[in-house]
Amino acid sequence: MKQYCILILSIFITGNLAFSQDTLHQYKINYYNQKVIKYLDREKQLSNFYKIDKEGVKVYASPIDKLKDSVEFKIKWQQFAEFNKCLRSGKDATYFASKKHSQLSCDQKSESTQQPAYSHLKKLSGLKIAIDPGHVAGDFEMGKTEMKFLSFKKDSVNGLPDSIQIAEGMLTFATATLLKEKLEADGATVFLTRKQNGYTAFGKTFDQWLKDDYKNKVEELFKAGKLSTEKKNQMLSSQYDKRKKFLLFKDIELAKRADLINEFDPDFTVIIHFNVDETNLGWKKPGNKNYNMTFIGGAFMPGDLSSREKRFEFLRMIVSNDIEESIQLSGAVTSQFESVLKVKTAGPNDAKYLREGCLSTPQKGVYCRNLQLTRYIHGPLVYGETLYQDNINECKALNKESDKTKNERIKEVAEAYYKGIWDYITTKNVN
Ligand SMILES: [Zn+2]
């Protein structure tokens, strides 16, 4: 009788355990499938590249591989914590691909890479924050080379008492400098991808990079089979346009920014940009529109999973909490953009790229967008696009002061980021 009771009891317990395990798996399967649909798969055409089932999350190099169940990456449910640890210790796509059928095992990089105990933070000590001031121009000429500038002639009829000359790279660098000062005063360790006004992430100006590194880079691409002999010779000829050289540099330098940030391994990253009205094309005169918005990773398009590195970032965004945390951080920052700057938050129909290239999130003004930096920077991030520089009032305000760190509007933008960051940290405090 006793044995019978034990048998019944064990069937009851194990049956129950199996049931609860299944329920838990089902909950996770639903959650992560929904996450991909809501934030990662912009056109709902990527289902042939991944599978989320009772084993965990699998990513395939092609739809044919999925049919054959030949995985490129596989992270089991019980490996999620180890996946995040490995990610923070700098493991890349090659490592995870090699571990698809075995255990993940990584050492924490250092003590300081532990998740900070936000609940004990009165100030920001122990917190590592990366800031990326967008673009590189330190003067108007460089702004023209990277085509991130505004030049309006004096036009008293339309309300411009002075001519306007603005290079976005100068505005972002000044904002980053002011924000860095504020965060450091609260005890945070802050890393800037560009160390001086006009510097690139290579620690030198673009002109200096052209002198030191351009030729080697072209030779390197040629040796890697990415350029034909004809193209190489064309690129090395003295006739080759500076703007075209910049376009080669641009992607290489963005990759460098992501590498520097991931090496620094911050708790979160702030990417600073200023926007313009896309419909004011040519930007010959000021306009009336003005909005704030922020971007985070996600919204992959068909064709965006063409390399192992890209598919790995897709996997990372599924498995890690980077998307969820970025929504919180960006939501807090966007909300402060509106209150401090008195500029409206953009809705999904306020710009073509929001309508056609992004996915909305539950936070107003926060959009998933698959940009080079939102894709390759790991950890929570906010990619800020504050105000329209070509707005009639904004261009007048931003034109003031040659040292942009003394510009009152820039000070307000830095303050908005700062307050948003504090709101995000305070929210984590409460939770
Ligand atoms: Zn920009």
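Condition first: of a type in the set (Gly, Ala, Ser) and buried (at least 19 other Cβ atoms within 10 Å of the Cβ). Now tell me which residues in the stretch 336-392 satisfy that. Within the stretch 336-392, Ala346, Ala351, Gly365, Gly379, Gly384 qualify.
Confirm whether Ile272 is more than 16 Å from the ligand (Cβ to nearest atom) and open to solvent by less than 70 Å² (accessible area, probe 1.4 Å). Here the answer is no, as Ile272 does not meet what is asked. Taken over the stretch 401-418, the criterion of being of a type outside the set (A, V, I, L, M, F, W, C) and more than 20 Å from the chain's Cα centre (by Cα) is satisfied by Glu401, Ser402, Asp403, Lys404, Thr405, Lys406, Asn407, Glu408, Arg409, Lys411, Glu412, Glu415. Would you pick out the residues in the stretch 20-74 that are without any contact (Cβ under 8 Å) to a residue 60 or more places away in the chain and of a type in the set (Gly, Ala, Ser)? Ser20, Ser47, Gly56, Ser62, Ser70, listed by residue number. Filter the stretch 66-81 down to residues that are open to solvent by 50 Å² or more (accessible area, probe 1.4 Å) and in a helix (DSSP H, G or I) and give me whichever is nearest to Gln21 (Cα to Cα). Selected residue: Gln78. Looking only at residues of the stretch 360-391 that are under 12 Å from the mean Cα position of the chain (by Cα) and assigned to a loop (DSSP other than H, G, I, E, B), we find that the one that is nearest to Tyr418 (Cα to Cα) is Pro380.
Annotation: of all residues in the stretch 192-236 being within 15 Å of Phe173 (Cβ to Cβ) and small (Gly, Ala, Ser), the one that is surrounded by the most Cβ atoms within 10 Å (Cβ to Cβ) is Ala201. The residues of the stretch 130-145 that are surrounded by fewer than 21 Cβ atoms within 10 Å (Cβ to Cβ) and not in a helix (DSSP H, G or I), listed by number, are Gly138, Asp139. Looking across the stretch 45-65 at every residue that is assigned to a loop (DSSP other than H, G, I, E, B) and touching a strand residue (DSSP E or B) at 6+ places or on another chain (Cβ under 8 Å), the one that is modelled with the lowest pLDDT is identified as Glu55.
Against the list (1) closer than 25 Å to Ser326 by Cα; (2) touching a Pro at 6+ places or on another chain (Cβ under 9 Å); (3) within 16 Å of the ligand (Cβ to nearest atom), the condition His135 fails is (2).
Being hydroxyl-bearing (Ser, Thr, Tyr) and within 16 Å of the ligand (Cβ to nearest atom) is a property that Tyr291 has. Of the residues examined, Asn262 is not one that is in the same structural domain as Ile296 (by TED's automatic domain parsing) and within 16 Å of the ligand (Cβ to nearest atom). Taken over the stretch 146-166, the criterion of being within 16 Å of the ligand (Cβ to nearest atom) and more than 22 Å from the chain's Cα centre (by Cα) is satisfied by Phe149, Leu150, Ile166. Pairs meeting the criteria (first residue in the stretch 165-179 and in a helix (DSSP H, G or I), second residue within 12 Å of the ligand (Cβ to nearest atom) and among the hydroxyl-bearing types (Ser, Thr, Tyr), beta carbons under 9 Å, at least 6 apart or on different chains) are Thr175/Thr386.
The values are calculated or read from the model by the stated rules, or taken from the named source; none is laboratory data. Since the structure is predicted, the reported quantities are computational estimates derived from the model, not experimental observations. So basically every Cβ, Gly included, is an ideal-geometry build from the backbone, and we count neighbours across all protein chains shown. Please note that ligands, DNA and RNA were not included when accessible areas were found on the heavy atoms of the full protein model with its side chains. Shrake-Rupley method; radii C 1.70, N 1.55, O 1.52, S 1.80 Å.
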